[in-house]
Amino acid sequence: MSVNSFGRLFRFTTWGESHGPAIGAIVDGCPPGLALSEADLQPFLDARRPGQSKYTTQRQEPDQVRILSGVFEGKTTGTPISLMIENVDQRSKDYSEVAKAYRPGHADYAYDAKYGFRDYRGGGRSSARETASRVAAGGVARLAIPEVTIRAWVSEIGGDAINIDNFDAAEITRNPFFCPDAEAAVRWEKIVDDARLSGSSVGAVVECEATGVPAGWGAPLYGKLDADLAAAMMGINAVKGVEIGDGFAAARLTGEGNADPMRPPKDPQGAGSPEFLANHAGGIAGGISTGQPVFVRVAFKPTSSILTPVETVNRDGEASEIRTKGRHDPCVGIRGVPVVEAMMALVLADHKLLHRGQCG
């Protein structure tokens, strides 16, 4: 089963485990002639890198990416691009208890039920460590969609949401939470710190907007842009919900309230796209982009690896209790921001090529 790959024309495959020697990705289908170096990808990995504040896992990984193939004289060749990131700070001994019993909420039991055994060291493939590979691949994808700008932020932590009236894009990079509301970021310091100190964790909501996406990307029914975005986001570790545009809130609106009214183009000659007065649809209608910003909201559950003891069972089905030692994110959604951006880029790059392949 090729279940480690995603995409149709712009396709990537990730490989490696949390406590193996390295992780990485193979990106296939990238157009040739695009300027690409490791320095182009590193800023995105640096944004996801662990150990940058007390609000994330203290695992110290430099996450230096290496390009092993697919680039010659600084440009992509059109052949598979191989990316590798070494693991340098594993502590497998921290998982001795996990080897004996399952962490509730984690993939331990599900992996055992499917494969008959599992890599308990950090969760193996089920670890959020795998997402570094996606971020590297997403950096390549951005080169294929230079017309698009992608920006994500955390809008809620532990049930405490930002005030949209305080939204300041410049704030996103000024605090450790990728928070656009300076007041909310101060509140979140206590929320996340309290969870960390008590040996627990909290969830988060990440929002992502892509501007510059032209009308026409995506396809009806089985190639919908929003369906692929939902699949991409749900494929991220710890994600339990995805909304496009208004999402579930749309079910509470009337038809006229949910509509995105249109006016003629501002161009007096009628050229160009219509002017939209709202964007309840999140920039996608009938599975095809409308030219408006593409908007996605992603819900991350609380981290399952916690120090608080939780009832569980062992491999023999006997009652047990487990507390997870080691270094873990008290709120995994914080470092989910660059991962959500990467998945948005990968889906959009794929749909750009699909659109070009069908419509020229």
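Scanning the range 241-253 for residues that are in contact (Cβ under 8 Å) with a residue 40 or more places away in the chain and open to solvent by 30 Å² or more (accessible area, probe 1.4 Å), which turns out nearest to R129 (Cα to Cα)?
The initial filter retains those residues of the range 241-253 that are in contact (Cβ under 8 Å) with a residue 40 or more places away in the chain, namely 241-245, 247.
Checking which are open to solvent by 30 Å² or more (accessible area, probe 1.4 Å) leaves us with 242-244.
Numbers: V242: 21, E243: 24, I244: 26 Å.
Applying the filter and picking the extreme gives V242.
Consider A238 against the criteria (1) open to solvent by less than 20 Å² (accessible area, probe 1.4 Å); (2) of a type in the set (A, V, I, L, M); (3) in contact with a Ser or Thr (Cβ under 9 Å, 6 or more places away or on another chain): it satisfies all of them except one. Which criterion is unmet?
Only one criterion in (1) open to solvent by less than 20 Å² (accessible area, probe 1.4 Å); (2) of a type in the set (A, V, I, L, M); (3) in contact with a Ser or Thr (Cβ under 9 Å, 6 or more places away or on another chain) is unmet by A238, namely (1).
All but one of (1) over 20 Å from G282 (Cα atoms); (2) out of contact with any strand residue (DSSP E or B) (no Cβ under 8 Å at 6 or more places or on another chain); (3) at pLDDT 95 or above hold for L197, so report the exception by its number.
Unmet condition: (3).
Could you list all residues from the range 142-167 that are closer than 21 Å to Q292 by Cβ and in contact with a strand residue (DSSP E or B) (Cβ under 8 Å, 6 or more places away or on another chain)?
Selection gives R142, V148, T149, I150, R151, A152, W153, S155.
Does I172 qualify as being outside any strand (DSSP E or B) and either open to solvent by less than 40 Å² (accessible area, probe 1.4 Å) or in contact with a Lys or Arg (Cβ under 6 Å, 6 or more places away or on another chain) (or both)?
Values: outside any strand (DSSP E or B): yes; either open to solvent by less than 40 Å² (accessible area, probe 1.4 Å) or in contact with a Lys or Arg (Cβ under 6 Å, 6 or more places away or on another chain) (or both): yes.
So I172 passes the test.
Which ones in the range 5-46 are of a type in the set (D, E) and under 27 Å from V88 (Cβ atoms)?
Initial filter on the range 5-46 (of a type in the set (D, E)): 17, 28, 38, 40, 46.
Within the range 5-46, E17, E38, D40, D46 qualify.
Could you identify the single residue in D112, D194 that is open to solvent by less than 50 Å² (accessible area, probe 1.4 Å) and not aliphatic (A, V, I, L, M)? So that I can check it myself, show each step before the final result.
Details: D194 fails: open to solvent by less than 50 Å² (accessible area, probe 1.4 Å).
One residue alone meets the criteria, D112.
Is it the case that the range 254-269 has a residue that's part of a helix (DSSP H, G or I) and open to solvent by less than 40 Å² (accessible area, probe 1.4 Å)? Explain how you work it out, then say what you get.
Initially, the range 254-269 is screened for residues part of a helix (DSSP H, G or I), giving 255-258.
After this cut, where a residue has to be open to solvent by less than 40 Å² (accessible area, probe 1.4 Å) as well, the list is 257.
Looking through the range 254-269, at least one residue is part of a helix (DSSP H, G or I) and open to solvent by less than 40 Å² (accessible area, probe 1.4 Å).
Would you mind finding the one in E156, E209, E183 that is part of a helix (DSSP H, G or I) and charged (D, E, K, R)? Quick ask: steps written out before the conclusion?
Values: E156 fails: part of a helix (DSSP H, G or I); E209 fails: part of a helix (DSSP H, G or I).
Just a single option satisfies the conditions, and that option is E183.
Please enumerate the residues belonging to the range 313-360 that are closer than 26 Å to S201 by Cβ and small (G, A, S).
A319, S320, G326, G333, G336, A342
Of the residues that make up the range 302-313, is at least one closer than 25 Å to D350 by Cβ, open to solvent by less than 60 Å² (accessible area, probe 1.4 Å) and either among the hydrophobic types (A, V, I, L, M, F, W, C) or at pLDDT 90 or above (or both)?
The answer is no, given that none of the residues of the range 302-313 is closer than 25 Å to D350 by Cβ, open to solvent by less than 60 Å² (accessible area, probe 1.4 Å) and either among the hydrophobic types (A, V, I, L, M, F, W, C) or at pLDDT 90 or above (or both).
Can D165 be described as surrounded by fewer than 21 Cβ atoms within 10 Å (Cβ to Cβ) and either in a helix (DSSP H, G or I) or among the aromatic types (F, W, Y) (or both)?
Criteria met by D165.
Hand me the list of strands (runs of 3 or more DSSP E) wholly inside the range 1-91 holding 1 or more residues that are among the polar types (S, T, N, Q) and modelled with pLDDT of 95 or more. Outline the logic, then answer.
Numbers: elements: 11-16, 22-28, 65-67, 81-86.
Of the strands (runs of 3 or more DSSP E) lying wholly inside the range 1-91, those with at least 1 residues that are among the polar types (S, T, N, Q) and modelled with pLDDT of 95 or more span 11-16, 81-86.
The values are calculated or read from the model by the stated rules, or taken from the named source; none is laboratory data. These numbers were taken from a predicted model, which means no experiment stands behind them. FYI the Cβ positions are ideal-geometry reconstructions off the backbone, even for glycines, and counts take in every protein chain you see. Ligands, DNA and RNA are stripped out before the accessible areas are found, and what is left, the full protein with its side chains, is counted by its heavy atoms. Shrake-Rupley method; radii C 1.70, N 1.55, O 1.52, S 1.80 Å.
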